[in-house]
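Have a look at the structure below before the remarks.
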Amino acid sequence: MNKIFFIFSMLSAGTLFPQTAPQKELTFATYNVSMESENYFPRGTKGNSEQVLINQLHSGNNVQIRNIAQIIQTVRPDVILLNEFDYIKNPKLGVKAFIKNYLKVSQGGAKAIDYPYYYYSTVNTGQSSPYDLNNDGKLENFGNDAWGFGMYPGQYAMMLLSKYPIDVKAVRTFQNFKWKDMPGALLIKKPDGSDWYSKEAWELFPLSSKSHWDVPVKINKKTVHILASHPTPPSFDGAEDRNGKRNHDEIRFWRDYISDSSASYIYDDKGVKGGLPVNSQFVIMGDQNASPVEGNAITEGIKSLLAHPKINSELTPASKGGAEYSPENPFGVNHTAFWRMRADYVLPSKFGFKVINSGVFWPAKVEPMSELVEKRESSSDHRLVWVKVLLE
């Protein structure tokens, strides 16, 4: 009898069978929110700048932004990347205003949400260049002659929100990495075979149309690297395909960065060389503007990323709304934008995660909250994409 009591005592104390800490369930998300000035005022409006978004964030009553906040409150991601959130240097006027006036206020009955940690930085969109980059004979500095298309510095920028601490000092940015320094970069040529860009322009040309960020987030004493970017759309150019080739190489950057033997050429904005350390947990997030099966991107870029042996891409996010919106398209179920393509991705590493679910926030018409994505003006032309994982 005493022996039986002893065994039960040991079991309850966890001596015979060591207790393991419960796995942490996390949701990572990306969302192109289209929160840039030309979403609220027509392109070319005099005075368009980040001040337009500042005003909307301050008011707290912009319907589009309230709907975006309700979507975020409904999905409740632990870490979310917002693409096309204009760069606003002062956090009180930008990110903190968004959190305070929209996310921390219940929208449509959804529970308010807070993100104590955030990261944002400068980007190449709207950064004036002294060259005629689109070769139209005009030197306009901005727009197509900016280092990344934009009418003012910081248009179409990025914002990372997190419930967990961000190791800001360890963040790596690659805004100034030169395209010419990528081995095998896809060169842009004129019909006569000469270089599209002048030697002077090519010498300074950044690879990233916005920026590439490696943002370490501390979760349960582990570091998860959020690899964030927003490659240029592979459109709005000509037969030279300058945007298509840039899109391909911007996506390829992450493929090389996470590869143990292909990242030696990479350097960050502090001059530190190399890619991601071996056996790192990471999540690649962002609007990649490319699909492996549709659109006019050079598909080898996104295909090679999805097929990378370190990435878990087996569970493709899907929605009933996407399938309903494009009923004749077999790929519609995986679309992430109303213009009918999979463009937005959340790609966790195989190492350190077990993927348990994923989705695209795109309710069918008969489902609750379908009005939040009913029209372009309801929220955004993109849909929030999420992946739920167990942190191992």
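Tabulated data for the structure shown
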item	result
Contour minus Cα-Cα distance for Ser262 and Asn141 (0.36 nm per residue)	40.1 nm
Per residue Cα convex hull volume in Å³ - calculated over the chain	174
Carbon plus sulfur fraction of accessible area for the range 51-147, probe 1.4 Å, in percent	47
Å² of accessible area per residue within the range 81-215, as computed with a 1.4 Å probe and no ligands counted	43
The range 254-392 - percent of accessible surface contributed by carbon and sulfur, probe 1.4 Å	53
Centroid-to-centroid separation of the range 264-342 and the range 78-123 [C-alpha atoms, Å]	24
Prolate/oblate/rounded label for the range 292-392 (Cα gyration tensor, a/c 1.5)	oblate
Gyration tensor over alpha-carbon atoms, the range 53-98, equivalent ellipsoid semi-axes in Å	18, 14, 9
Gap separating the Cα centres of the range 344-369 and the range 125-200, nearest whole Å	30
Residue-level accessible surface for Trp386, protein heavy atoms, 1.4 Å, Å²	50
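The values are calculated or read from the model by the stated rules, or taken from the named source; none is laboratory data. Just so it is clear, the model here is predicted, and its values are computed rather than measured. Note: accessible area is taken over every heavy atom of the protein model, side chains too, but ligands, DNA and RNA are not part of it. Shrake-Rupley method; radii C 1.70, N 1.55, O 1.52, S 1.80 Å.
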